[in-house]
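Working notes, beginning with the structure itself.
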Amino acid sequence: MRIFNILQRTRQTKGWIHRNAVMGACVALILAGGIGGYMALADSPKYIAANVTLHTSGAIDKNDLLSGQWGYLPGSKQEDGGLLIKPDSFQIVKQDGSGGQANPPVNEYGTHLENATDFTITAQLADVAATGKAAMQLYGQVPIIADEFRVERKSVRVELDGNNLNVNLWDGSKQTAALTQSLPLATPIAKDARLEVTHAAGKIQISVNGQQVTEIDDSGVFADGFVWFGFDATGSSFKISNLDAKGVGAATFKTADSSTLRVQRKDPNGLQSLAAKKRSNFTVGAAMALPPTVSDASYANAAFGGNFGALTTENAMKWQFIEPQQGVFDFKEGDALVQLAKRHDMKVQGHTLVFGEANPAWVRNLPAGQLEAAMTNHIKKTLTHFKGNVYSWDVVNEPFSDDQWDQFRTNIWYNAMGESYISKAFTTAHDADPGALLFMNEYGIEEDGDRWNAFLALVTKLKAGGVPIDGVGFQSHVYQSSDKIDPAVLRKHIQQLAAIGVKSRVSEMDVYSDDGQSVQASQYSAIFQACLDEPGCISWTTWGISDRYDYFIDDDGSIQQGNDFLWNDKMKPTPAFGAVQKLLQ
Ligand code: XIL
């Protein structure tokens with residue numbers, strides 16, 4: 001049973017917080033105690049599908065991997081002599097801002113190995129500080145970022161930590177490492193280290209500077225034939241001066257570059273292809289993240305093959321991803337998504353600049369008097385970087401409270417600046433990129449009542465005061481039957497906004513399936529139709545593509561997959577897809 005079904009529904013507790021607050025608590029348990037396993041994913045399809053073109057080199061038995069694509073690895077910098085790995089402390093914080101699960105970067109948009117069975121990977125690391133940590137993580141499956149937590153799938157992590165080597169292995173059955181070792185090194189590292197990981201005959205051997213430190217069972221980590229690379233530094237930087245792969249014995253592999261991903265065919269019956277014929281200025285969008293787009297061909301086909309004319313960056317442009325430390329910006333994942341969108345003639349809906357969640361610890365710990373400067377700097381740097389490439393921004397996200405339905409949310413921004421943070425954020429964004437459409441995004445405003453009245457009054461006041469707000473995003477999460485949206489009421493709200501010169505979009509729609517797929521389908525299609533029929537509604541976006549990557553925490557603390565999207569776990573279109581497609585035909 002899904003968490004939100006067992007909670008007593010009140011108006012104040014409905015919506016996103018409802019689902020996530022409980023999740024957060026359960027996740028904390030999982031991460032701390034390691035309770036519960038999670039369902040194995042359906043078998044990953046082969047990466048290269050008929051209409052996905054991916055560059056692969058011929059099968060070779062040795063490779064200078066650094067000569068490939070590493071330009072999009074977060075926290076890294078390409079320099080003479082190698083790839084610098086900086087201690088950028090990427091984390092995923094919980095919804096209430098506490099915690100912070102490590103989110104070590106993975107070279108998702110770039111060089112990796114395919115069809116790799118038995119191999120040796122050798123990384124030459126330079127400038128390893130005795131006081132810092134230097135890690136290489138080899139992934140058989142890329143991790144998925146879910147609701148405020150990262151789902152580790154299959155990987156082996158090798159970390160130099162002073163005089164020790166820490167080894168962790170995730171086998172895909174649970175969140176905690178199935179194996180953890182901390183082993184003393186015979187010879188302490190003096191500046192340089194050569195890490196060697198050999199996978200052969202079901203075993204993984206790990207050596208440092210030519211001396212084998214451990215041998216472990218592979219637990220099927222590399223069973224899919226993929227090797228994705230991740231590097232991260234703690235405390236001080238280090239440099240990878242050489243990275244090499246070779247087959248063991250007769251074994252071969254291919255190097256591949258996921259940054260060349262391109263879906264060539266736009267299905268004329270795809271949702272965006274059809275919508276364009278109904279309304280040339282209407283966009284069908286989906287929230288997207290890099291891991292599934294680059295590692296799952298059927299997902300990539302659904303994402304880029306004619307269904308969507310826009311992507312919303314689900315997490316990649318949130319504060320904790322792009323400014324993990326004060327003044328340290330990392331736009332790499334966002335850049336990769338921008339590039340994928342451009343290559344497929346899609347717009348980018350930037351999400352999100354000023355939000356009470358997804359803020360790194362340094363932001364949450366700033367003295368109130370410094371928050372305004374941090375906020376305006378963040379907006380300026382981000383919009384300047386993405387200028388011309390991001391069509392619209394969710395400038396302010398969820399400004400209203402979860403429990404006092406018609407009151408402002410007392411997040412760090414409100415506590416520091418009062419409601420003026422909202423107009424300041426919009427004005428700063430407009431100055432930085434006058435060409436981008438600027439939105440305020442909120443949940444629970446689809447229905448009539450105090451919240452909507454307060455929200456509309458705020459937008460009216462902002463408009464009248466000359467604040468550059470272009471539109472409103474109706475998140476439209478339907479997590480339980482009481483969240484169901486009445487299309488007539490939504491249309492009325494869109495018209496009220498149009499009357500004051502404000503555009504609307506359905507920005508994050510997803511629908512629970514516990515009442516059956518036909519109920520789910522009719523809710524999806526009714527809201528799509530409402531938006532399509534209103535000239536003031538410029539786009540409809542769903543908060544994900546496939547149930548395959550829709551994770552949540554169940555009552556017993558285990559991680560489960562949801563059934564909320566237009567494609568199911570097998571990447572087959574659900575009745576909801578059919579219903580939306582039908583109304584467009
Ligand atoms: C969610 C993402 O989907 C998760 O992956 C992340 O861990 C937490 O945030 N309203 C919003 C989005 O505006 O930012 C939220 O996205 C969903 C609710």
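Summary table below
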| item | result |
| --- | --- |
| Close pairs from the stretch 145-158: first touching a residue at least 12 places away in the same chain (Cβ under 8 Å) and on the phi < 0 side of the Ramachandran plot, partner of a type in the set (A, V, I, L, M) and within 6 Å of the ligand (Cβ to nearest atom), Cβ under 9 Å, at least 6 apart | 151/145 |
| Which listed residue is in a loop (DSSP other than H, G, I, E, B), of a type in the set (D, E, K, R) and away from the ligand (no atom under 16 Å from the Cβ), from 267, 257, 244 | 267 |
| The stretch 276-296, subset of a type in the set (S, T, N, Q) and surrounded by fewer than 21 Cβ atoms within 10 Å (Cβ to Cβ), residue farthest from the ligand (Cβ to nearest atom) | 280 |
| Within the stretch 489-514, considering residues that are of a type in the set (A, V, I, L, M), without any contact (Cβ under 8 Å) to a residue 40 or more places away in the chain and away from the ligand (no atom under 16 Å from the Cβ), the one surrounded by the most Cβ atoms within 10 Å (Cβ to Cβ) | 498 |
| Scope the stretch 473-500; condition basic (Lys, Arg) and touching a strand residue (DSSP E or B) at 6+ places or on another chain (Cβ under 7 Å); matching residues | 484 |
| Residue check, residue 390 touching a residue at least 40 places away in the same chain (Cβ under 8 Å), β-branched (Val, Ile, Thr) and surrounded by fewer than 17 Cβ atoms within 10 Å (Cβ to Cβ) | no |
| Check on residue 469, of a type in the set (Val, Ile, Thr), away from the ligand (no atom under 16 Å from the Cβ) and not in a loop (DSSP other than H, G, I, E, B) | no |
| Count - residues of the stretch 533-560 that are assigned to a helix (DSSP H, G or I), crowded, with 20+ Cβ neighbours inside 10 Å and touching a residue at least 40 places away in the same chain (Cβ under 8 Å) | 2 |
| Yes/no for residue 109 being crowded, with 21+ Cβ neighbours inside 10 Å, modelled with pLDDT of 95 or more, hydroxyl-bearing (Ser, Thr, Tyr) and touching an Asp or Glu at 6+ places or on another chain (Cβ under 7 Å) | no |
| Single condition residue 100 does not satisfy, out of (1) in contact with a Gly (Cβ under 8 Å, 6 or more places away or on another chain); (2) surrounded by fewer than 22 Cβ atoms within 10 Å (Cβ to Cβ) | (1) |
| From 452, 413, residue being of a type in the set (Phe, Trp, Tyr), part of a helix (DSSP H, G or I) and within 21 Å of residue 538 (Cβ to Cβ) | 452 |
| Count of residues meeting criterion [among the small types (Gly, Ala, Ser), under 23 Å from residue 114 (Cα atoms) and assigned to a strand (DSSP E or B)] in the stretch 167-206 | 1 |
| Test: residue in the stretch 563-572 that is under 24 Å from residue 302 (Cα atoms) and more than 21 Å from the chain's Cα centre (by Cα) | yes |
| Candidates 351, 344, filtered to the one that is under 27 Å from residue 226 (Cα atoms) and either of a type in the set (Asp, Glu) or surrounded by 19 or more Cβ atoms within 10 Å (Cβ to Cβ) (or both) | 344 |
| Selection within the stretch 561-585 - of a type in the set (Lys, Arg) and either in contact (Cβ under 8 Å) with a residue 40 or more places away in the chain or buried (at least 22 other Cβ atoms within 10 Å of the Cβ) (or both) | 570, 582 |
| Residue count for the stretch 427-445, restricted to those that are within 16 Å of the ligand (Cβ to nearest atom) and in a strand (DSSP E or B) | 5 |
| Members of the stretch 244-271 found to be in contact with a strand residue (DSSP E or B) (Cβ under 7 Å, 6 or more places away or on another chain), of a type outside the set (Phe, Trp, Tyr) and buried (at least 22 other Cβ atoms within 10 Å of the Cβ), listed by number | 245, 255, 256, 258, 261, 263, 271 |
| All helices (runs of 4 or more DSSP H) inside the stretch 297-366 with 1 or more residues being in contact with a Gly (Cβ under 8 Å, 6 or more places away or on another chain) and within 12 Å of the ligand (Cβ to nearest atom) | 319-322 |
| Some residue of the stretch 235-243 being crowded, with 16+ Cβ neighbours inside 10 Å, under 23 Å from residue 90 (Cα atoms), touching a Phe, Trp or Tyr at 6+ places or on another chain (Cβ under 7 Å) and small (Gly, Ala, Ser) | no |
| Criterion violated by residue 469 - all others in (1) without any contact (Cβ under 8 Å) to a residue 60 or more places away in the chain; (2) closer than 20 Å to residue 501 by Cβ satisfied | (1) |
| Count of the stretch 113-166 residues which are more than 21 Å from residue 88 (Cβ to Cβ), part of a loop (DSSP other than H, G, I, E, B) and away from the ligand (no atom under 16 Å from the Cβ) | 7 |
| Selection status of residue 287, in a strand (DSSP E or B), of a type in the set (A, V, I, L, M) and over 27 Å from residue 126 (Cα atoms) | yes |
| Scan of the stretch 378-408 for residues that are touching a Leu at 6+ places or on another chain (Cβ under 9 Å) and aromatic (Phe, Trp, Tyr), ordered by number | 391, 393, 400, 408 |
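Rundown of residues vs (1) β-branched (Val, Ile, Thr); (2) under 14 Å from residue 234 (Cβ atoms), yes/no style:
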site: 96; (1), (2): no, no
site: 99; (1), (2): no, no
site: 102; (1), (2): no, yes
site: 108; (1), (2): no, no
site: 112; (1), (2): no, no
site: 117; (1), (2): yes, no
site: 120; (1), (2): yes, no
site: 125; (1), (2): no, yes
site: 134; (1), (2): no, yes
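The values are calculated or read from the model by the stated rules, or taken from the named source; none is laboratory data. Predicted model, so just to flag it, every value in this text is computed and none were measured. In this analysis, Cβ positions are derived from the backbone assuming ideal geometry, glycine residues included, and neighbour counts consider all displayed protein chains.
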